[in-house]
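Undergrad: Before anything else, here's the structure in question.
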Amino acid sequence: MQTENKKNNLIDNAIGGTTNRRSNIELINQTTNNHVIDRYICGTRVVRGPDWKYGKQDGGEGHVGTVKSFENENNNEQQEVIVIWDHGEIGRHYRCRTQFDLRILDNSATGIYHDNSVCSGCGQTPIYGIRWHCGDCPNVDLCSMCYHNDRHNTRHRFCRIVTPHGEKILIDPRRRAKKLAFRGLYPSAKVSRGPDWNYGDQDSGEKKNGKIIEIQDWSKTHPRSAAYVVWDNDRENLYRVGFNGMVDLRALTPGKGGYYYSEHTPLLGETYYSREHLSSGLTPEMSHQFQVGDYVNIDLELEIVQTLQHGHGGWTDNMFECLGTTGMVQSLDEDHDVVVVYPSGNRWTLNPTLLTRVELTPEQQTAMQRQQTAATIARTTASVMPNQPLKVNDMVQICSDLERIKIFQRGHGEWAEAMVPALGKVGRVVHLYADGDVKVQVGGGCWIFNPLAVTKVTSTHTLEDGHEERLNAMLKKLFSAQITGDVHEELVKASANGDTRRIEELIKRTNVDVIIFNK
């Protein structure tokens, strides 16, 4: 039985990048050299992150700011950024390396785009900013706006790709995720000139106000990087909100920008944080969301599964049974991976991020347990009777366990419902195939069987030493499972059981034809 799939080879590339893991909703992204970081950060629209400790410096949770610049003095361990918050305050020393004060709400204003991508929600091509690739539908990609606006099926899991050719981060479904409102320099906001203002008295003076009408593109290659404003003096113009890290406005009264899945947004800085500094193992919380006995499915496409298995047992072609088949959690290993057993009896070590817990009806649970039991018995039978030489005209009994024989028959003539009447019956071998399969005449028909699905009916004295007791016990158990009333069949069973009294009784019956096959 396959019990361990550790250290197997793996396809490591799929859909524009590779995949690693940090947690079920926040995994490690790619490492980027510092000279590239300014391009990827400056102009990024951010909100507070999990390590935020600055009170309401940002205006409150959900208030948005723009990354002005990136700081890494003397290449110290803790990299930091400067942020211009939409209400006008400039904050410094926000951490983005070993601790994460900020999350990326939208990085499209930086000009980042993904080649050969099309948003299935709005049609944007290429996709600017974060690309969201559906893990269930290989042809579906979304931009950030469409993702957070619940386009496509919210039950599906998506892979988050922050930068071009970046790693794919598998995210939990949106359906039950926490959603927050974000606000700041958005439509209906009351605004005045901001820290990067250089338009003279276009607003009629420093203390004059205006209103944001719409968020627009400062240039075609920098989407959502500007705001269109109408001033109280009826003048109107387009102003920078993120383009090259510039912010020309400040919000006196913030406008509501929409909603976002806070825990689905990437941490500012994790994209650039070297994976060598992070633990190579999963966190216990990831596997502890599952308990022994839970039923689980893998609902992701093959390429994503193969990639996520890297470092978690790997992938082999024998694991295809994991896709689309419900398994049961058998144990959690020391690396916090999950060991899942399938109806075939095979156990596979899996990355917990692949798994979705499912509920089965009592009937489904019973059927699955029967399949697992049948598979176990099949393997036990093979070990008890490693060799069962058969010849044409040998008498054999067909396995009476439906679930077990279905497993036996895979790749050995397969199973057909018309074979049900043969279960438990005694028949005669009429042909032996080169691959070991046997054709048996039984119950008025001829069927091809896996040799493990039949038991040779013979006297115990013809068996090799050491097998007679075990085989005799198995025969008795099998033969007692079904009494059909067929005299010839009963005679064979009695003979195999060594029941001489029963044999004499049956032979005395007038409707018995005794046929002896020469051997």
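Undergrad: May I ask you to list the residues in region 164-210 that are in a loop (DSSP other than H, G, I, E, B) and under 22 Å from the mean Cα position of the chain (by Cα)?
TA: Selection gives His165, Gly166, Glu167, Lys168, Asp172, Pro173, Arg174, Arg175, Arg176, Ala177, Lys178.
Undergrad: Buried (at least 20 other Cβ atoms within 10 Å of the Cβ) and either closer than 28 Å to Ala367 by Cα or modelled with pLDDT of 85 or more (or both): does that describe Val454?
TA: yes
Undergrad: List the number of the failed condition for Leu185; all other conditions in (1) surrounded by fewer than 16 Cβ atoms within 10 Å (Cβ to Cβ); (2) under 24 Å from Asp217 (Cβ atoms) hold.
TA: Of everything listed in (1) surrounded by fewer than 16 Cβ atoms within 10 Å (Cβ to Cβ); (2) under 24 Å from Asp217 (Cβ atoms), Leu185 misses just condition (1).
Undergrad: OK, next. Take Cys122 and tell me if it is among the hydrophobic types (A, V, I, L, M, F, W, C), closer than 30 Å to Thr253 by Cα, assigned by TED's automatic domain parsing to the domain that holds Cys42 and part of a loop (DSSP other than H, G, I, E, B).
TA: So Cys122 fits the description; yes.
Undergrad: If you don't mind, there's one more thing I want to ask. Sort through Arg155, Arg151 and tell me the only one that's closer than 28 Å to Gly324 by Cβ and buried (at least 16 other Cβ atoms within 10 Å of the Cβ).
TA: So the residue among Arg155, Arg151 that is closer than 28 Å to Gly324 by Cβ and buried (at least 16 other Cβ atoms within 10 Å of the Cβ) is Arg151.
Undergrad: Identify, please: which residue in region 71-89 is touching a Cys at 6+ places or on another chain (Cβ under 7 Å) and assigned to a strand (DSSP E or B) and is, among those, modelled with the lowest pLDDT?
TA: Once the filter is applied, the top-ranked residue is Glu80.
Undergrad: Every residue in region 262-282 that is at pLDDT 90 or above and surrounded by fewer than 19 Cβ atoms within 10 Å (Cβ to Cβ), please.
TA: Glu263, the sole residue that qualifies.
Undergrad: Of all residues in region 88-111 being buried (at least 24 other Cβ atoms within 10 Å of the Cβ) and of a type in the set (A, V, I, L, M, F, W, C), which is nearest to Asn244 (Cα to Cα)?
TA: Checked region 88-111; the qualifying residue nearest to Asn244 (Cα to Cα) is Ala109.
Undergrad: Mind checking which residues of region 289-306 are of a type outside the set (A, V, I, L, M), on the phi < 0 side of the Ramachandran plot, exposed (fewer than 14 other Cβ atoms within 10 Å of the Cβ) and in contact with a strand residue (DSSP E or B) (Cβ under 7 Å, 6 or more places away or on another chain)?
TA: Within region 289-306, Gln291 is the sole residue that qualifies.
Undergrad: Take region 416-450 and flag every residue that is of a type in the set (A, V, I, L, M, F, W, C), surrounded by fewer than 18 Cβ atoms within 10 Å (Cβ to Cβ) and in contact with a Phe, Trp or Tyr (Cβ under 9 Å, 6 or more places away or on another chain).
TA: Residues satisfying the conditions are Ala416, Ala418, Ile448.
Undergrad: Look at region 176-200 and say how many of its residues are more than 20 Å from Arg224 (Cβ to Cβ) and in contact with a Phe, Trp or Tyr (Cβ under 6 Å, 6 or more places away or on another chain).
TA: 1
Undergrad: I would also like to ask the following. Are any residues in region 41-56 assigned to a loop (DSSP other than H, G, I, E, B) and either aromatic (Phe, Trp, Tyr) or buried (at least 18 other Cβ atoms within 10 Å of the Cβ) (or both), and if so, which ones?
TA: Cys42, Gly43, Thr44, Gly49, Trp52, Tyr54
Undergrad: Further, regarding this structure: Can you say whether Arg92 is in a strand (DSSP E or B) and either assigned by TED's automatic domain parsing to the domain that holds Arg45 or not basic (Lys, Arg) (or both), as far as the supplied structure shows?
TA: Considered against the rule, which asks whether it is in a strand (DSSP E or B) and either assigned by TED's automatic domain parsing to the domain that holds Arg45 or not basic (Lys, Arg) (or both), Arg92 comes out as yes.
The values are calculated or read from the model by the stated rules, or taken from the named source; none is laboratory data. Quantities reported herein were computed from a predicted structural model and do not represent experimental measurements. A quick note on method: Cβ atoms are made from the backbone with ideal geometry, for glycine too, and the neighbour counts reach across all protein chains shown.
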